[in-house]
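Have a look at the structure below before the remarks.
The values are calculated or read from the model by the stated rules, or taken from the named source; none is laboratory data. Note that the structure is a prediction, hence the values are computed from the model and not measured. Positions of Cβ are backbone-derived with ideal geometry, glycine not excepted, and every protein chain shown enters the neighbour counts.
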Amino acid sequence: MAKARTATVFFCQNCGYESAKWMGQCPACKQWNTFTEEKVTETKKGGAKSLKTSASPMNISEVTVENEERIPTGIHELDRVLGGGIVKGSLSLVGGDPGIGKSTLLLQVCRNLANSKRKVLYISGEESMHQIKMRAERIGTFEEEMLLYCETDLDAITNAILKTKPEFAVIDSIQTMYSEDLSSAAGSVSQVREVTAAMMRVAKENNIAVFIVGHVTKEGVVAGPRTLEHMVDTVLYFEGEREAAYRILRGVKNRFGSTNEIGVFEMCNNGLVEVENPSKTMLNGRPIDASGSVVVCSMEGTRPILIEIQALVSPTSFQMPRRTAVGIDYNRVNLLMAVLEKRLGMNLGNCDAYVNIAGGIKMNEPAIDLGIVLAIISSYRENPINEKTICFGEVGLSGEVRAVSMAEQRVTEAKKLGFDECILPQVSLDSMKDSGSVPKGIRLTGVRSVKDAMDAILK
């Protein structure tokens, strides 16, 4: 007879490391205060252990590779992030803040696939069938191939998937599912890890594309062990404020395509509507002849996006000047302001500084450094920058402007949207001239330092 013993273990929420006692710092990932206590039931079974048959090792030359069949979702922005569509047998994770549109987006995908005569199974552990039906009617019409199932037990969910054999399945959300083999509560580290592993086996063995929804913590990462992201094939994150109109779907991991691709959506009454030309949308309503405003070109994956950077520099009324950065790394802004003080002699120590990316989007690419610098200079000198001027480049601590990747694509995108001047690193301009790929119809100004860039906008 099997004897069950309950033991208390501690799991690291960041990397999943297991320990018999609580520790302040995780020895695996070196993070502090990440251990949580959980009770685990261990079962000892008597008798000899049965041997499981498995496939024998194969030579790599004997393995045949076929082009994976991708299923188009009917949403071009999502297909771009996924690398061309959904891969059969893949396991994808969609994370984001509550109310940002995770369930709405996946429900729209289910509608498109069902309307194209594909069998779809939507499993919800948070909403009833009536609630899902009400939200579905707001999105659009569904065909009979769309199946709903409300359940949180892992065994029942697995049996439902194996019985219905859908081509596409959605688990909403992973934190509500639990396995009876574990005594811990749903959403705990051990439960999330076990349920994800089970869904991965079901997806791979039955060639079913499975999407799981994950809630995020206040730090913006998926709640549960960090190993969850390592187990799945694709990790997608929704970015943006719930009050903002635009939402960014970013791919941070993709085994079947390029990473860091983004898709831009707008939340409307009938669900999420894709924004096909984000650059044009982000630049709507730009101020005319206003200081502290400049347009930069950032590369998100393989897509160039033009965004407006705004800066406001004014004398402070307090002993300690204020520094605010929205959509940009705060420490990066302070670093660039220190470069301006040291290399250009600008007295910014007694000024408040506010830097913002218009549209509610977040950018971390080093190529926007030159835009931040020029926006601050423009606001400090009260000198407006020509509205038809665009810039990009990385700024170093010595005040030099360094080269960035895909300079030709950035200039081409700026030319498409009607810009007639581009300020870029001199090194990138020389490389374009050497390769003979300089776009015509736009004036290119190469700069080697922040002083050259300042002279270019103050001329």
Within segment 370-401, can you find the residues that are out of contact with any helix residue (DSSP H, G or I) (no Cβ under 6 Å at 6 or more places or on another chain) and among the acidic types (Asp, Glu)?
-> Glu382, Glu387, Glu400
Picked from segment 164-186 (must be among the small types (Gly, Ala, Ser) and under 22 Å from the mean Cα position of the chain (by Cα)), the residue farthest from Val109 (Cα to Cα) is Ser173
Residue hits (segment 25-49; modelled with pLDDT under 50, under 29 Å from Val189 (Cα atoms) and not in a strand (DSSP E or B)) are Lys45, Gly46, Lys49
Residue check: is Ile385 aliphatic (A, V, I, L, M) and within 25 Å of Ile262 (Cα to Cα)?
-> no
Name the single residue, out of those in segment 410-425 being surrounded by fewer than 18 Cβ atoms within 10 Å (Cβ to Cβ) and out of contact with any Pro (no Cβ under 6 Å at 6 or more places or on another chain), that is nearest to Ile385 (Cα to Cα).
-> Glu421
Counted residues, segment 426-447 - those being exposed (fewer than 15 other Cβ atoms within 10 Å of the Cβ) and in contact with a strand residue (DSSP E or B) (Cβ under 6 Å, 6 or more places away or on another chain) | 1
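For segment 433-459, how many residues are in a strand (DSSP E or B) and not charged (D, E, K, R)?
5
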Across segment 116-147, the tally of residues that are in a helix (DSSP H, G or I), touching a residue at least 40 places away in the same chain (Cβ under 8 Å) and farther than 24 Å from Ile248 by Cα stands at 0
Among the candidates Leu162, Leu148, Leu182, single out the residue that is at pLDDT below 85 and either surrounded by fewer than 16 Cβ atoms within 10 Å (Cβ to Cβ) or farther than 22 Å from Gly89 by Cβ (or both).
-> Leu182
So which strands (runs of 3 or more DSSP E) stay within segment 309-424 end to end and still have 3 or more residues that are within 26 Å of Val264 (Cβ to Cβ) and touching a residue at least 60 places away in the same chain (Cβ under 8 Å)?
-> 389-391
Test: residue in segment 220-227 that is modelled with pLDDT under 90, farther than 17 Å from Phe11 by Cβ and out of contact with any Pro (no Cβ under 6 Å at 6 or more places or on another chain) = yes
Residues within segment 105-143 that are at pLDDT 90 or above and of a type in the set (Val, Ile, Thr), tallied | 3
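Can we say Val202 is modelled with pLDDT of 90 or more, within 22 Å of Ser124 (Cα to Cα) and in contact with a Leu (Cβ under 6 Å, 6 or more places away or on another chain)?
no
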Which one of the conditions (1) crowded, with 16+ Cβ neighbours inside 10 Å; (2) outside any loop (DSSP other than H, G, I, E, B) does Ser291 fail to meet, given that it meets all the rest?
-> (2)
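Any residue at all in segment 189-205 that's among the polar types (S, T, N, Q), crowded, with 18+ Cβ neighbours inside 10 Å, over 14 Å from Leu93 (Cα atoms) and touching a residue at least 60 places away in the same chain (Cβ under 8 Å)?
Yes, segment 189-205 contains at least one residue that is among the polar types (S, T, N, Q), crowded, with 18+ Cβ neighbours inside 10 Å, over 14 Å from Leu93 (Cα atoms) and touching a residue at least 60 places away in the same chain (Cβ under 8 Å).
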Filter result (at pLDDT below 80 and out of contact with any strand residue (DSSP E or B) (no Cβ under 7 Å at 6 or more places or on another chain)) within segment 63-80 | Val63, Thr64, Val65, Glu66, Asn67, Glu69
